[in-house]
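This report refers to the structure that appears directly beneath it.
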Amino acid sequence: MRWRGATAPAPAPADPELADLTPDRRLRRLELTVTRRLDGLLHGRYRGLLPGPGSEPAGSREYRPGEDEVRRMDWAVTARTTVPHVREVDADRELTTWLLVDASPSMEYGTAELDKRELAVAAVAAVGFLTGGAGNRLGAQVLGPDGLRRFPPRAGRTHLLGLLRALLTAPRVGGHDAGERAPTEPDLADGLAAVHRVAHRRGLVVVVSDFLDGLPDDPGQAPPWEAPLRRLAVRHQVLAVEVTDPRELELPDVGLITLVDPETGRRREVWTGDRALRERYAAAATAQRDQVRQALRRGGAAHLPLRTDRDWGADIVRHVHAQRRLAAAPAGRARGGAA
């Protein structure tokens, strides 16, 4: 069993003033925060979290092991130069972005500046503003305890603000009274499959989650969401935004606490004064996050980790700049298939 919950009692909000704001005022503050932090990335004709995806051929460049996919190999240029090359494409100017937002109970935990759900909303806002532009459309699937809620892809600021408002005003939920997930309750794999069914046009898919859903205890086993993630990555460019909290990575020495699994409501009392227990917990948590990273890599997704105790805006900026530098690297570029 994976204990993904918080200590009890639940921590108070880091900024008590936020609790007193109306949803519209919170939304305006979020928009202002995102646009200020990402100001340098919001200029120019084309805005995006990742270079591409695209469909117009733009030449070839040398293959980079561990970074490029074999399915993008340019075999004609490889044969002429005897050096492996991959095809490049120009980014489509009209981009369709699909979001899968995890709003399950485990996302409502947080002990730092934000809880995981608030950080997920901030990530959605960043995606919306970074991919917004003339003709670009944004759609979403929100995965909650009551099922999947779909927001059809539309363009414009009004549509983005409506999505953010829905995420901000959605009712909070606690752990289930039952000990197991309801048979009809969708999981992350179901959400990815739903996006695959509706994302007909090649585009960008962004998954915002803690990726703990169905994570097997055996690191050698693939989580159930890895296969549908890989299917999405065959056609789309996929970005996995992993949301974590520091207390999920290590236990504080605060005596007797009650751990709660927010997905099932199951509880367990733990004495945190035991140093050996805290060390085992930290080692298991590190192994678990490594398991998630490996599954995301095998699934073909770019990985953007965000933490509730870090400057999420700076982390997003660093990720975007790293992706753009990687795409613009001139090493071995052979435009037009030149030998």
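Of note:
- Members of the stretch 246-262 found to be more than 14 Å from Ala282 (Cβ to Cβ) and assigned to a loop (DSSP other than H, G, I, E, B), listed by number: Val254, Gly255, Asp261, Pro262
- Residues in the stretch 288-315 that are open to solvent by 60 Å² or more (accessible area, probe 1.4 Å) and either within 29 Å of Gly220 (Cβ to Cβ) or at pLDDT 95 or above (or both): Asp290, Arg293, Gln294, Arg297, Arg298, Pro305, Arg307.
- Just one residue in the set Gly220, Gly265, Gly214 is surrounded by fewer than 19 Cβ atoms within 10 Å (Cβ to Cβ) and over 28 Å from Pro145 (Cβ atoms); that residue is Gly220.
- When the residues of the stretch 188-211 are filtered to those that are modelled with pLDDT of 90 or more and assigned to a loop (DSSP other than H, G, I, E, B), the one that is farthest from Arg71 (Cα to Cα) is Asp210.
- Condition met for Ala240 (at pLDDT 85 or above, open to solvent by 10 Å² or more (accessible area, probe 1.4 Å) and not charged (D, E, K, R)): no
- Residues located in the stretch 51-82, provided they are modelled with pLDDT of 65 or more, of a type outside the set (Lys, Arg) and surrounded by 13 or more Cβ atoms within 10 Å (Cβ to Cβ): Gly59, Ser60, Glu62, Tyr63, Asp68, Met73, Asp74, Val77, Thr78, Thr81
- Single residue of the stretch 122-176 satisfying the filter (of a type in the set (S, T, N, Q) and open to solvent by less than 40 Å² (accessible area, probe 1.4 Å)) that is farthest from Thr244 (Cα to Cα): Asn136
- Single residue of the stretch 104-118 satisfying the filter (assigned to a loop (DSSP other than H, G, I, E, B) and open to solvent by less than 30 Å² (accessible area, probe 1.4 Å)) that is farthest from Arg266 (Cα to Cα): Ala112
- Subset of the stretch 119-156 [assigned to a helix (DSSP H, G or I) and among the β-branched types (Val, Ile, Thr)]: Val121, Val124, Val127, Thr131
- Conditions (1) open to solvent by 80 Å² or more (accessible area, probe 1.4 Å); (2) in contact (Cβ under 8 Å) with a residue 60 or more places away in the chain; (3) in a helix (DSSP H, G or I): number failed by Arg325: (2)
- Flag if Ala240 is assigned to a helix (DSSP H, G or I) and in contact (Cβ under 8 Å) with a residue 12 or more places away in the chain: no
The values are calculated or read from the model by the stated rules, or taken from the named source; none is laboratory data. What you see is a predicted model, and the numbers here were worked out from it, not measured in a lab. Cβ: placed from backbone, ideal geometry, glycine included. Neighbour counts: every protein chain shown. Note: accessible area is taken over every heavy atom of the protein model, side chains too, but ligands, DNA and RNA are not part of it. Shrake-Rupley method; radii C 1.70, N 1.55, O 1.52, S 1.80 Å.
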